[in-house]
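The values are calculated or read from the model by the stated rules, or taken from the named source; none is laboratory data. These figures come from a predicted structure and were not determined experimentally. Glycine also receives a Cβ, built like all others from the backbone with ideal geometry; neighbour counts cover every protein chain displayed. We work out accessible area using only protein heavy atoms, side chains counted, and drop any ligands, DNA or RNA first. Shrake-Rupley method; radii C 1.70, N 1.55, O 1.52, S 1.80 Å.
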Amino acid sequence: MKKEVIEECAQIAADLQYDNLEFLVGDINDYNDESTVDMVVTLHACDVATDMALSRAVKWGASVILSVPCCQHELNNQIQSSPLDIMLQHGLIKERFSALATDSIRAEILNLVGYDAQLMEFIDMSHTPKNILIRAYFTGKKASDEQFARYKAFTRFLNATPFLENELKDRLS
Ligand SMILES: C[S@@+](CC[C@H](N)C(=O)[O-])C[C@H]1O[C@@H](n2cnc3c(N)ncnc32)[C@H](O)[C@@H]1O
């Protein structure tokens with residue numbers, strides 16, 4: 001969304017004569033120009049911008065997704081679960097718990113829609129604490145009823161309706 005950053009990236013690509021590499025300014029939510037894509041990569045896309053990219057990756061049929069999320073605020077505003085109150089009463093813990101729950105849910109949704117998804121550290125914690133990578137590749141494997149039920153039970157337990165679930169509701173019902 002930052003014009004100066006995109007201009008700098010375009011200049012670097014030009015300097016390196018990477019003629020097929022193009023950078024575009026814009027909100028990912030308005031970007032619907034592609035129909036098929038091989039691989040989607042995101043690095044620290046803010047909050048639900050990561051989900052916007054993930055949902056597009058799924059709809060485009062990307063074979064590979066590499067996504068490092070950032071500042072996951074969405075569930076922090078939603079989560080309510082009295083068995084977890086001992087944790088959730090502390091803002092700091094609630095924030096970290098919400099971030100971990102968000103990424104777990106993202107990976108699980110990808111599993112439910114035909115990907116094999118893992119969460120892993122992509123770089124040492126000393127470089128950035130935001131070092132969880134969602135790595136997923138498309139297998140086309142259908143999820144079982146038990147997997148769907150497990151997902152529903154988890155989101156019900158947290159009282160959460162994740163952004164990515166709404167984005168992909170056609171494929172999750
Ligand atoms: C934390 S920065 C990371 C930038 C870069 N990937 C890096 O690691 O240096 C987050 C970037 O996401 C961009 N961003 C946030 N929401 C976006 C959206 N809805 N559409 C496109 N870009 C978005 C911001 O403009 C910002 O440049």
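Condition test on Tyr151, is it among the aromatic types (Phe, Trp, Tyr) and not in a strand (DSSP E or B)?
Answer is yes for this residue.
Which of the residues belonging to the stretch 1-22 are within 22 Å of Ala53 (Cβ to Cβ), open to solvent by 100 Å² or more (accessible area, probe 1.4 Å) and not in a helix (DSSP H, G or I)?
Of everything in the stretch 1-22, those that are within 22 Å of Ala53 (Cβ to Cβ), open to solvent by 100 Å² or more (accessible area, probe 1.4 Å) and not in a helix (DSSP H, G or I) turn out to be Met1, Lys2, Tyr18, Asn20, Glu22.
Quick check on the stretch 37-62: of everything there that is crowded, with 19+ Cβ neighbours inside 10 Å and more than 16 Å from the ligand (Cβ to nearest atom), which residue is nearest to Leu168 (Cα to Cα)?
Applying the filter and picking the extreme gives Val58.
Kindly list the number of the only condition in (1) closer than 22 Å to Cys70 by Cβ; (2) at pLDDT below 95 that fails for Leu133.
Looking at each condition in turn, Leu133 falls short on (2).
Within the set of pairs 6+ apart or on separate chains, which have a first residue in the stretch 59-72 that is outside any loop (DSSP other than H, G, I, E, B) and at pLDDT 95 or above, a second that is surrounded by 16 or more Cβ atoms within 10 Å (Cβ to Cβ) and aliphatic (A, V, I, L, M), and C-beta atoms under 6 Å apart?
Ile65/Val40; Ile65/Ala57; Ile65/Ala136; Ser67/Ile134; Val68/Leu133
Only one of (1) on the phi > 0 side of the Ramachandran plot; (2) open to solvent by 40 Å² or more (accessible area, probe 1.4 Å); (3) not β-branched (Val, Ile, Thr) fails for Gly114. Which number is that?
All conditions pass for Gly114, except number (2).
Any residue in the stretch 111-129 that is in a helix (DSSP H, G or I) and either in contact (Cβ under 8 Å) with a residue 12 or more places away in the chain or among the aromatic types (Phe, Trp, Tyr) (or both)?
Initial filter on the stretch 111-129 (in a helix (DSSP H, G or I)): 111-112.
Next cut, either in contact (Cβ under 8 Å) with a residue 12 or more places away in the chain or among the aromatic types (Phe, Trp, Tyr) (or both) only: 111-112.
Yes: one or more hits.
Quick one: would you say Lys130 is open to solvent by 50 Å² or more (accessible area, probe 1.4 Å), within 16 Å of the ligand (Cβ to nearest atom), under 22 Å from Thr42 (Cβ atoms) and basic (Lys, Arg)?
Criteria met by Lys130.
Sort out which residues of the stretch 154-164 are assigned to a helix (DSSP H, G or I) and either over 19 Å from Gly114 (Cβ atoms) or of a type in the set (Asp, Glu) (or both), and write them in order of number.
Residues of the stretch 154-164 that are assigned to a helix (DSSP H, G or I), as a first pass: 154-158, 163-164.
Phe154, Thr155, Arg156, Phe157, Leu158, Phe163 - these are the residues of the stretch 154-164 that are assigned to a helix (DSSP H, G or I) and either over 19 Å from Gly114 (Cβ atoms) or of a type in the set (Asp, Glu) (or both).
Quick check on this structure: which one of Ile65, Ile6 is within 12 Å of the ligand (Cβ to nearest atom) and of a type outside the set (Ser, Thr, Tyr)? Full working, then the answer.
Values: Ile65 fails: within 12 Å of the ligand (Cβ to nearest atom).
Selected residue: Ile6, the only one of Ile65, Ile6 that is within 12 Å of the ligand (Cβ to nearest atom) and of a type outside the set (Ser, Thr, Tyr).
Can you tell me which of Asp33, Asp51 is in a helix (DSSP H, G or I) and either more than 29 Å from Asn76 (Cα to Cα) or acidic (Asp, Glu) (or both)? Quick ask: steps written out before the conclusion?
Details: Asp33 fails: in a helix (DSSP H, G or I).
None of the others qualify; the one that does is Asp51.
Any chance you could count how many residues in the stretch 141-173 are more than 26 Å from Asn29 (Cα to Cα), within 20 Å of the chain's Cα centre (by Cα) and open to solvent by less than 80 Å² (accessible area, probe 1.4 Å)?
5
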